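The values are calculated or read from the model by the stated rules, or taken from the named source; none is laboratory data. What you are looking at is a predicted structure, and each value in this text was computed from that prediction instead of being measured. Glycine also receives a Cβ, built like all others from the backbone with ideal geometry; neighbour counts cover every protein chain displayed. All accessible areas refer to the heavy atoms of the entire protein, side chains included, with ligands and DNA or RNA removed. Shrake-Rupley method; radii C 1.70, N 1.55, O 1.52, S 1.80 Å.
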Amino acid sequence: MSEKKPVITVDLGGTNLRIALVENNKVINRVMHPTPRGAEAIVGLIAKQALELAENEVAGIAIAAPGTASPQMDRLSKAPNLPELNDYPMAAEITKQTKFPCIVENDANVYAMGEVFYGAARGLHTVVVYTLGTGVGGGIVLNGKLWRGVNGAAAELGHVSINEIGHLCSCGARGCLETFASATAMARLAKKYGSNITTAREAYEQANAGDKPAQQAFVRSGSALGIAIAAILNTLNPQAVVIGGGGSSAYSLLEPEIEKQLKVRAFPAALENFKLLKCTLGNDAALLGGAALIYETLETQAKAALK
Ligand SMILES: [Zn+2]
């Protein structure tokens, strides 16, 4: 991997924008800015910072962004958190300003690439990654390649149904996994069961201090996750599932409940040598994952060109 050119990776959030230079699987240099408003301002800032960080030539620029990426990975086809980027030709604009190839991908997908290629699931090739944050997202890597689905909409792992008449989800449906296992849901459940807390962090601290309602919330979150993961095991038979995102801080509380559900619901053959893992890269997963994504995309393009 040492002969590979460095990559510029961007973690574009609704609040902050982080840009890094990644070389030899490491973040070499990074900057952070508040995300400006307006598509041209966002693209202009990314291009300017990319040119400043790229000391020499780079293999490309990978942007992890909230929303659904187009199948061509050149823009967000749906961007509810950054509506100004809806269908805006981000990649082409950035390439015009920097002369570097650029790809745009869903942030949870890029995060998953990071954990699979450089983090918890390093060395494995078929892995499903869950991100537990304000919402629940994820990414699916099959035989070392990100599975995007036909329209780039695959791996919306938070929006599988656990309870068809459950709590209303951000997606408009009821009882999705997200309404049980996001950080928001963990706090809501703890309050509902009678815990005197406001955030998931407080619920976690209370649960560890022996507060029964808070503990009950993590049992519920963990069992919902276990039900969803059992379905994934019976569908894809992956080598591992990684639990990531801020909510993974509660891994020690969630893990026993996930295991319980897997024992009951997953097929024994799918559980053979299966690994349930906690993420290891923290916030850098999306920055490192962008490098893996650029290398994978360039290899695929090179192979296609040889045909
Ligand atoms: Zn949903």
Expressed as a percent, the accessible surface of region 123-278 that is carbon or sulfur, using a 1.4 Å probe and the full set of protein chains, is 53
Of all stretches in the chain that avoid GluC sites (Glu not before Pro) placed in a DSSP loop and having at most 15 other Cβ atoms within 10 Å, the longest is 165-271
Qualifying chymotrypsin sites (Phe, Trp or Tyr not before Pro) in region 125-184, DSSP loop, other Cβ atoms within 10 Å at most 16: Trp147
For region 155-201, what is the relative contact order in percent, using Cα pairs closer than 8 Å and at least 6 residues apart in sequence? 25
Do the alpha carbons of any pairs in Lys48/Lys78; Lys5/Lys303; Lys4/Lys99 sit beyond 23 Å of each other, and which pairs? Lys48/Lys78
Simple SL model, points at 7 angstrom along Cα→Cβ for Ala41 and Thr198; separation in nm is 2.9
Just to confirm, what accessible area per residue do you get for region 123-278 at 1.4 Å probe, in whole Å²? 46
Taking the Cβ-Cβ separation of Ser170 and Ala304 as r and a Förster radius of 25 Å, what is the calculated FRET efficiency to the nearest 0.05? 0.10
Shape call for region 30-125 from the C-alpha gyration tensor, a ≥ b ≥ c root eigenvalues: rounded (a/c under 1.5), prolate (a/b greater than b/c) or oblate? oblate
Tilt of helix 251-265 relative to the longest C-alpha principal axis of the chain, in degrees (0 to 90, nearest 10)? 70
So for region 123-278, if I pair up every lysine 8 or more residues apart or on another chain, how many of those pairs have alpha-carbons under 18 Å apart? 5
